[in-house]
Amino acid sequence: MMSKEIISLYRAGGIRLVILMFVLVLMFFVSVTAADSGNVSVYKGAFSGEWSGEVNGMAINGIFSVSISADGNVSGAFSGFVSGTISGTVNASGEIKAQGSAGLGEWVGNLSVSGGRLSGNGEWKGYGGGGTWSSK
């Protein structure tokens, strides 16, 4: 009789352990998924800066300004040697990927927030050349 009771208690404890492990693993995956989706709203705001580079051996430069919505959508404009619009997205890691009109096809880079101030820097390419951009 005693061995059946011990086996029964062992099985009940084993089931509880399996359930506990399942819950812990589930919580881990939920937290990883939440961290991966992140919170892009920390980058909500606006900033401006300068861009420069070279196209077909000719040095060019200008200024830009962008706004970022709470859902990570980027919109803005640039001017200088050429002028146009900028539109794209930013992810929870602060990586910005945007398209520019007027031949300045791709703007990529990283954003950061320090003391409530949004800033960033990166590269652009297109129109037969490329260069860099950074906030002021």
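Listed by first and then second residue, the pairs linking a residue in region 54-72 that is under 16 Å from V113 (Cα atoms) to a residue that is of a type in the set (D, E, K, R) and in a strand (DSSP E or B), with Cβ atoms under 8 Å apart and 6 or more places separating them unless they lie on different chains, form an empty list. Scanning region 109-122 for residues that are within 20 Å of A59 (Cα to Cα) and loosely packed, with under 15 Cβ neighbours inside 10 Å yields one hit, N121.
When T33 is tested against (1) within 15 Å of K125 (Cα to Cα); (2) within 25 Å of the chain's Cα centre (by Cα); (3) modelled with pLDDT under 95, exactly one condition is not met: (1).
Restricting G38, G72 to those that are at pLDDT below 95 and surrounded by 10 or more Cβ atoms within 10 Å (Cβ to Cβ) reduces the list to G38.
If you check S48 against the conditions, is it hydroxyl-bearing (S, T, Y) and either loosely packed, with under 15 Cβ neighbours inside 10 Å or at pLDDT 95 or above (or both)? Here the answer is yes, as S48 does meet what is asked. Taken over region 51-69, residues that are at pLDDT below 90 and either crowded, with 17+ Cβ neighbours inside 10 Å or touching a helix residue (DSSP H, G or I) at 6+ places or on another chain (Cβ under 6 Å) (or both) amount to 1. Candidates in region 75-120 are the residues that are in contact with a Leu (Cβ under 8 Å, 6 or more places away or on another chain) and more than 21 Å from S41 (Cα to Cα); of these, the one that is modelled with the lowest pLDDT is V82.
Looking across region 89-136 at every residue that is of a type in the set (G, A, S), in a strand (DSSP E or B) and closer than 23 Å to G38 by Cα, the one that is farthest from the chain's Cα centre (by Cα) is identified as S114.
The values are calculated or read from the model by the stated rules, or taken from the named source; none is laboratory data. Treat the numbers as computed from the prediction; the structure is a model and nothing was measured. Glycine also receives a Cβ, built like all others from the backbone with ideal geometry; neighbour counts cover every protein chain displayed.
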